[in-house]
Each structure stands twice: as structure tokens, then as C-alpha cells.
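Peer 1: I have a structure here, written as C-alpha cells, and I will follow up with some questions on it.
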Amino acid sequence: MDEIVRIGIAEYAISKHPVILRTAGLGSCVGVVIYDQERGLSSMAHVMLPDSAISRNQALEVGKFADTAISEVARQLRASGAIRLRAKIAGGAQMFQFKYEHESMRIGERNIAAVKAMLQQVKIPLVAEDVGGTNGRTIEFHSQSGRLVIRTVNVGTLEI
């Protein structure tokens, strides 16, 4: 049985051995899985916000933002020998509906766009996604098989 590693909000984890990476409470947040299956390297970040420019303490909040989390995870995976990185993402729901929706309230959409842009910037192909909607998710990445299991509130389970 593979070890289960839990990733909290605004955190990330990297593993060099077979694990199950799990995070819960993905509402407008985006779960980002980056892995090199051939090398047995895997990671998961629970991205809360799109851009670290608003942070007063970027050094302590690397996992919180799409730009810092993805660039740091990619750097660490490559330093560990990753060659063929791929990504899968889930989350980015619009959890609250407002009568007069301001752009700043569309955090889920902004997170999805920022994650995709950052993956492109660090040259990691996005191979699967389950994003948007209005329901929260829990995700579990099985590093040995490369399966991402997504449990969506009021919807069910999907595997990508």
C-alpha cells in the first residue's frame, strides 16, 4: 500500500517514491499535479491564488500562488532528474454567485488561467483537467499509475 501524503491549502509536496498525493477542499483553488512517471517523481500543489505579486512574504507562501508554486515544483523536480514532466489539474470552481460579479471575485477562473499560463511558461504540457463548475473537489494522485481520482461534491467520482 502506497503512503498517503496530505497536502493542505497553499501547500505543496514532492515525492521520489510511490505515493498517493491527496488534497481536499478545492473550491476556487486549483490542485496541480506535475509528474515524471518514468522517473517515479510526482508532486501536488494546492494553489489558492493566481499571482504572488500581492504577497508580503513570498518566501513563506510559495505553495499559495500559481506562479511561485509551479515554478518551484518544476525546478525541484528537474533538479531531482525529471525529464518528461506532465501536468494534470482540477478545481477552480466558482463557489459563490454574486448578482453583480466583479472580476476580482472570479477567483476560480483566474486561478485556472494562471495555472495554465505558468505551466506553459515552464514548458510542462497539460495532459488532463477537470476544472470550473460550482462544486468543491477532493483529489488523489496515484503516482505509480499516473491516475488522478477526483471526487466532486454532488457530482461523483471521475478519473483522469
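Peer 1: Can you tell me which of R22, R39 is in a strand (DSSP E or B) and open to solvent by 50 Å² or more (accessible area, probe 1.4 Å)?
Peer 2: So the residue among R22, R39 that is in a strand (DSSP E or B) and open to solvent by 50 Å² or more (accessible area, probe 1.4 Å) is R22.
Peer 1: Could I ask something else about it? Filter the stretch 117-158 down to the residues that are touching a strand residue (DSSP E or B) at 6+ places or on another chain (Cβ under 6 Å), without any contact (Cβ under 8 Å) to a residue 12 or more places away in the chain and polar (S, T, N, Q) and list them by number.
Peer 2: T157, the sole residue that qualifies.
Peer 1: What's the total number of residues in the stretch 78-127 that are in a helix (DSSP H, G or I), exposed (fewer than 11 other Cβ atoms within 10 Å of the Cβ) and at pLDDT below 95?
Peer 2: Number satisfying all stated conditions: 2.
Peer 1: Please specify each residue of the stretch 129-152 satisfying the condition of being more than 20 Å from K116 (Cα to Cα) and open to solvent by 80 Å² or more (accessible area, probe 1.4 Å).
Peer 2: Selection gives Q144, R151.
Peer 1: If a residue must be of a type in the set (V, I, T) and either at pLDDT below 90 or open to solvent by 10 Å² or more (accessible area, probe 1.4 Å) (or both), how many such residues does the stretch 42-62 contain?
Peer 2: Adding up the residues that qualify gives 2.
The values are calculated or read from the model by the stated rules, or taken from the named source; none is laboratory data. Here the structure is a predicted model, which means the values were calculated and not measured. Positions of Cβ are backbone-derived with ideal geometry, glycine not excepted, and every protein chain shown enters the neighbour counts. Just the protein is used for accessible areas: all its heavy atoms, side chains included, with ligands, DNA and RNA removed. Shrake-Rupley method; radii C 1.70, N 1.55, O 1.52, S 1.80 Å.
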